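Accompanying notes for the structure given below.
The values are calculated or read from the model by the stated rules, or taken from the named source; none is laboratory data. In this text the structure is predicted, and so the values were computed from the model without any measurement. Cβ: placed from backbone, ideal geometry, glycine included. Neighbour counts: every protein chain shown.
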Amino acid sequence: MATHKPFREIVPPGTNFEFIGKRGAWALVSMLFIAASIGMLFVNQAIPSRGSMLNWTIDFKGGTEMIYAFEGKPEGAELGAMRQGIADAGFAGVEVSEFAFDTTLEDGTAQRVNGVRLRTPGFGAVTEEDKTKIASAISALEGQEIVKVSWSGDTVFVRAKKEVTRDEVSGVLAPLDYELRQVAEEDLADLVTVQATGEYSMQFAIAGLERQYAKVLSDSVGAKAELIQAYAVGAKAGKQLRNDGLRALFYAMALIMLYLAIRFDVRYAPGAVVALLHDAILVVGVFAATWTDVSLTTVAALLTVIGYSVNDTVVIFDRIRENVGKLKDKKFARVINISLNETLARTLLTSLTLFVVTLMMNIFGTGLVRDFAFAMNIGVIVGVYSSIFVASPVALWIHTRYFAASANK
């Protein structure tokens, strides 16, 4: 008769790790990590090369982000030379960093390109003073009967009774060292419309910041800089996105606390919320220490970490509540310790599965995918820690401080 091998237990039955008995030591460890995380924010703000608590991306602080590659230099270029060239050109507040990405050549082979990423607080290439000069010069064009000239970013909109050509606008821009953005032949007709009044409505986009920085980078390293991607967010929009992200975190925690208060009782909810705050602070602290980009993707990762952590905490609290009814002869602290040991295998297996998946994303991913995976890696670690060493001890403290005392009266 065939025999079946028993399943290998990651945590053998009868295991009795003393989690609750050493809660004072774990509380001290948690407070040290929290203090270090908060302190790192102020350290970053004091470091001249950083100047802010976190490495906010364009999403939150506004500005323009551009990614360039260099023709003939697949290995990248010297950051020092580029920073010096940008400074000599009069641009201020520009961050230059390496940025690697994969591309496919014409023959189908993959190639790793080491480019650069620029972040600048500016949004447009045309200054307000030059906009006024250009608008006045266009209005003064002879024979065109200009009705109105207006701006939106680096695009000038012209209404006139006769059509204004690109050559005429280029002639206006040339003395101020601007040029029109290149437009495909088939798209030119879409830039000119005729109103019902017979007036022409035209738009002319001026080559923006990407052209200016491409020229500076090319001159700095002696190789043509090719724009790969450009992304801009207004300062007001960035501030709004940052506030919305913080509100999302606050609302998530408030709803989770309400859910736990209804699902269990009031003694459990504060422990879960303290654990969530603990997780969020430690993840932010790691981002501050490693100076990793903080973007909307990071906020999404934080919300995911919060959801995962509270799910793990709910499983543990569910087992505690079940054992409270079964083990009536034991003290609450002992019931918690037994419950933590009983759910330990489940906690480790589910956390390890998620950690391995996000670790692969972190190793092989790039850009926002890697940022998300990095936050998840840290979040899984601190989430497991807080579910065991933070949430449950807080629940025990509340029970001892308020419920046990009232029961003995």
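Looking only at residues in region 82-106 that are part of a strand (DSSP E or B) and modelled with pLDDT under 75, which one is surrounded by the most Cβ atoms within 10 Å (Cβ to Cβ)? It comes out as F101. Screening region 280-317 for residues that are free of Cβ contacts under 8 Å to residues at least 40 places away in the same chain and within 21 Å of F19 (Cα to Cα) and picking the one that is nearest to the chain's Cα centre (by Cα) gives N311.
Each residue in region 314-355 was checked for being basic (K, R) and surrounded by 17 or more Cβ atoms within 10 Å (Cβ to Cβ), and 1 of them qualify.
Candidates are the residues of region 142-155 that are buried (at least 18 other Cβ atoms within 10 Å of the Cβ) and modelled with pLDDT under 85; the one that is nearest to G122 (Cα to Cα) is D154. Pairs linking a residue in region 255-270 that is within 13 Å of V310 (Cα to Cα) to a residue that is hydroxyl-bearing (S, T, Y), with Cβ atoms under 7 Å and 6 or more positions apart or on different chains, are L260/Y268. Is region 259-272 home to any residue that is under 29 Å from F403 (Cα atoms), assigned to a helix (DSSP H, G or I), hydroxyl-bearing (S, T, Y) and at pLDDT below 80? Yes, region 259-272 contains a residue that is under 29 Å from F403 (Cα atoms), assigned to a helix (DSSP H, G or I), hydroxyl-bearing (S, T, Y) and at pLDDT below 80.
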